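> Okay, handing you the structure first.
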Amino acid sequence: MPEIRQDVTTKEWIIFARERAKRPDDFRKSVDRSAQKLFMANCPFCPDNEEMTVSEVYRQSLARNSTEWRLRVVPNLFPALVGEGSLSRVVEGALFHRLDGVGHHEVVIETPIHNRFLFDMDESEVLTIINAYRERFAELRKDKRTKVILIFKNHGKSAGTSLEHPHSQIIASPVVPAHIRNKYEIATAYYDDTERCIYCDVVHEEMRLKTRIIHTTDLFVAFHPFASRAPFETWIAPLRHCSSFGKITDEEAADFARILQIVLKKMYVGLGNPDFNYVIHTSPLADEDKHYYLWHMQILPKLTTPAGFELGSGMSINTALPEETAEFMRGIHVNNGKARKEMSKEVKL
């Protein structure tokens with residue numbers, strides 16, 4: 001019997017097609033990285049090719065006074081939004097509104113090594129990336145035109161990346177998208193009724209039930225949500241209530257880097273380096289001090305392709321139950337940068 005579950009944070013309904021359901025192992029693909037190289041002469045993100053990018057706005061050097069770098073941030077060569085322009089609305093006819101595409105669009109070049117992806121990195125390298133996100137968030141928020149800052153990563157062709165070299169992106173937008181507004185309206189209504197954060201309640205309930213938890217640290221939890229939109233959808237959420245990613249502490253940044261590295265390594269071993277998107281969901285800047293939201297990361301592996309029903313209805317069809325995918329991921333143990341698969345039915349919290 002198919003099952004329909006509701007995501008309480010968006011009110012969206014998700015169909016779980018149990019007759020089509022696959023075992024978690026069925027989503028694994030083979031991995032062939034033999035063609036990947038440490039350096040590509042024509043890659044704009046590789047060392048010694050810095051002139052192929054726009055002038056950097058941020059750099060983490062390997063050592064003090066060193067010309068070698070660990071990470072760079074540059075403006076996107078083909079930006080979705082640009083720094084110059086007007087936010088005055090222009091009305092065309094009776095209905096149509098437009099304004100200049102004002103904002104910021106940056107690329108975080110995560111490593112100088114062309115084939116060193118996040119799941120290959122050690123904790124210090126991942127922390128360098130998280131700290132770059134924090135630094136750029138703090139800088140971009142200074143622009144009074146910025147209403148929301150989106151941090152995201154596309155890994156693999158089906159996830160939308162055009163360059164293989166490990167990178168992620170940051171966009172500072174002058175408008176809050178309707179999708180984000182809808183989530184905030186639901187969260188606000190829930191807070192008005194209960195005086196609690198709906199996202200914190202989701203985290204607490206997942207921790208209580210345990211069946212969809214895949215990993216915990218001192219400060220974070222990773223789980224497959226009850227109404228997952230796609231197989232192996234993963235959320236990483238802080239255990240301390242905080243609406244804005246920009247307000248995480250140094251200790252939280254280090255712990256977030258640790259759990260992100262573990263989750264991505266589990267995904268790499270268990271699913272065979274799937275293409276994926278991740279996004280850091282954080283409150284609009286005007287709402288950072290309100291109590292009805294919890295910043296978190298959403299990771300969506302690209303294991304299925306939406307078709308006509310999904311596009312026409314707005315509903316997702318998931319062919320894997322999160323309880324089963326979470327159990328599968330719990331059985332993949334990562335130790336000292338190495339991973340091995342061990343199936344286990346117990347959750348250790």
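The values are calculated or read from the model by the stated rules, or taken from the named source; none is laboratory data. Because the structure is a prediction, the values reported are computed rather than measured. Quick reminder, even Gly has a Cβ in these numbers, built from the backbone with ideal geometry, and neighbours come from all protein chains shown. When the accessible area is computed, the model is the full protein with side chains, heavy atoms only, and any ligands, DNA or RNA have been set aside. Shrake-Rupley method; radii C 1.70, N 1.55, O 1.52, S 1.80 Å.
> Would you pull out the residues with amide H under 5 Å of Ser61's amide H, same chain only if 5 or more places away, H placed 1.01 Å from N?
Arg70
> When the helix-only estimate is applied to the chain (DSSP H runs of n ≥ 4, each -39,500 (n - 2.57), divided by the residue count), what is the mean residue ellipticity at 222 nm, nearest 500 deg cm²/dmol?
Details: 6 runs with 84 residues, N = 349.
The per-residue figure over the chain is -8000 deg cm²/dmol.
> If you plug each phi of region 167-172 into the Karplus form 6.51 cos²θ - 1.76 cosθ + 1.60 with θ = phi - 60°, what whole-Hz ³J(HN,Hα) values come out, in order, with x for Gly and Pro?
7, 9, 9, 10, 10, 9
> How high is the relative contact order of the chain, in percent, with contacts defined as C-alpha pairs under 8 Å that are six or more residues apart? Write down the numbers at each step before the final one.
Numbers: 696 pairs, mean separation 71.9, N = 349.
Computed value for the chain: 21 percent relative contact order.
> While we're on this one: Among the trypsin sites (Lys or Arg not before Pro) within region 53-135, which fall in a DSSP loop and have no more than 10 other Cβ atoms within 10 Å of their own Cβ? Could you put the intermediate results ahead of the total?
Values: sites: Arg59, Arg64, Arg70, Arg72, Arg89, Arg98, Arg116, Arg134; in loops: Arg64, Arg89, Arg116.
Listed in order of number, the matching sites are Arg64, Arg89.
> Give the long-range amide H neighbours of Val221: residues separated by 5 or more places, or on another chain, with amide H under 5 Å away, using H modelled in the peptide plane at 1.01 Å from N.
Ala237, Leu239
> So, with +1 on the Cβ of K and R and -1 on the Cβ of D and E, and no other charges, what is the size of the charge dipole of the chain about its Cα centre, to the nearest 20 debye? Let's see the in-between values first.
On the way: 46 positive and 48 negative charges, 112 e Å.
The calculation lands at about 540 debye.
> Putting +1 on Lys and Arg Cβ atoms and -1 on Asp and Glu Cβ atoms, find which of Val91, Phe119, Ser162 reaches farthest to the positive end of the dipole of region 87-171.
Val91
> List, in order, the whole-Hz ³J(HN,Hα) value for each residue of region 102-112 obtained from phi through the Karplus relation with A = 6.51, B = -1.76, C = 1.60 and θ = phi - 60°; use x for Gly and Pro.
Whole-Hz 3J(HN,Hα) from phi for region 102-112: 8, x, 9, 9, 10, 10, 9, 7, 6, 6, x.
> Keeping every protein chain in place, order Met121, Met52 by accessible area at 1.4 Å, biggest value first, i.e. largest first.
Values: Met121 0, Met52 80 Å².
Largest accessible area first, the residues go Met52, Met121.
> Any idea what the dipole of region 93-139 comes to, in debye rounded to 20, about its Cα centre with Lys/Arg Cβ at +1 and Asp/Glu Cβ at -1? Can you show the working numbers first?
Numbers: 4 positive and 9 negative charges, 64 e Å.
With only Lys, Arg, Asp and Glu charged at Cβ, the dipole is about 300 debye.
> Could you go through region 50-61 in sequence order and give the Karplus-derived ³J(HN,Hα) for each residue, using 6.51 cos²θ - 1.76 cosθ + 1.60 with θ = phi - 60°, rounded to whole Hz, and x for Gly and Pro?
4, 5, 7, 10, 5, 3, 5, 10, 7, 8, 10, 7
> Out of all Cα-Cα pairs in region 41-83, roughly what percent, to the nearest whole number, are more than 17 Å apart? Before the final figure, lay out each step's value.
Values: 324 of 903 pairs.
When every Cα pair of region 41-83 is considered, 36 percent fall beyond 17 Å.
> Could you look at the chain and say what percent of its accessible area is carbon and sulfur, using a 1.4 Å probe and all protein chains? Intermediate results must be reported in sequence, preceding the final value.
Values: 9030 of 17410 Å².
It is 52 percent, rounded to a whole number.
> Moving on. Just to be sure I understand: if I project the alpha-carbon convex hull of the chain onto a plane and average over all orientations, what area do I get in nm²? Walk me through the intermediate numbers first.
On the way: hull surface 80.3 nm².
Averaging across all directions leaves 20.1 nm² for the Cα convex hull.
> Taking H as built 1.01 Å from N, whose amide H comes closer than 5 Å to the amide H of Thr161, not counting residues under 5 places away?
Counting only residues 5 or more places away or on other chains, the set is Gly156.
> In terms of the Cα gyration tensor, with a ≥ b ≥ c the square roots of its eigenvalues, is region 190-322 rounded because a/c is under 1.5, prolate because a/b exceeds b/c, or oblate? Don't jump to the answer; show the numbers that get you there.
Numbers: a/c = 1.73, a/b = 1.27, b/c = 1.36.
Taking the square roots of the gyration eigenvalues as a ≥ b ≥ c, region 190-322 is oblate.
> Let me ask something else about it. On alpha carbon coordinates alone, what is the Rg over Rh value for region 59-209, Rh being the Kirkwood radius? All intermediate terms of the calculation are to be shown ahead of the outcome.
Details: Rg = 19.3 Å, Rh = 18.4 Å.
Value, to two decimals: 1.05.
> Enumerate the helices in the chain for which the Kyte-Doolittle hydropathy averages -0.5 or more and the C-alpha atoms extend at least 18 Å along the helix's axis, using complete DSSP H runs. Don't skip to the answer; put the middle values down first.
Working: long enough: 123-140 (25 Å, -0.12); 178-194 (24 Å, -0.97); 250-271 (31 Å, 0.34).
Counting only whole DSSP H runs, the qualifying helices are 123-140, 250-271.
> Arrange the peptides 248-255, 104-111 so that the one whose residues have, on average, the most other Cβ atoms within 10 Å appears first. Don't skip to the answer; put the middle values down first.
Values: 248-255: 16.4, 104-111: 23.4.
Packing order, densest peptide first, comes out as 104-111, 248-255.
> Same structure again: In Å², and per residue, what accessible area does region 62-210 have when probed at 1.4 Å with the other protein chains present? Could the numbers behind the result be given before it?
Values: 7860 Å² over 149 residues.
That works out to 53 Å² for each residue.
> Under the Cβ-under-4.7 Å rule, which cysteines of the chain stay unpaired?
When partners are defined as cysteine Cβ atoms under 4.7 Å apart, the chain leaves Cys242 without one.
> Here's something else I'd like to know. Charges at C-beta only: +1 for Lys and Arg, -1 for Asp and Glu. How large is the resulting dipole of region 202-337 about its Cα centre, in Debye rounded to 20? Intermediate results must be reported in sequence, preceding the final value.
Values: 12 positive and 16 negative charges, 55 e Å.
Using Cβ point charges on Lys, Arg, Asp and Glu, region 202-337 gives about 260 debye.
> Next question. Taking 10 °C and 1.306 mPa s as the conditions, I'd like the Stokes-Einstein D for region 1-145 in µm²/s, using the Kirkwood hydrodynamic radius from alpha carbon pairs. Before the final figure, lay out the partial values.
Details: Rh = 19.9 Å.
Once the numbers are plugged in, D ends up at 80 µm²/s.
> So, one more: Which trypsin sites (Lys or Arg not before Pro) from region 235-332 combine a DSSP loop assignment with at most 13 other Cβ atoms within 10 Å? Mind dumping the intermediate values first?
Numbers: sites: Arg240, Lys247, Arg258, Lys265, Lys266, Lys290, Lys302, Arg330; in loops: Arg240, Lys290, Lys302.
Answer in residue order: Arg240.
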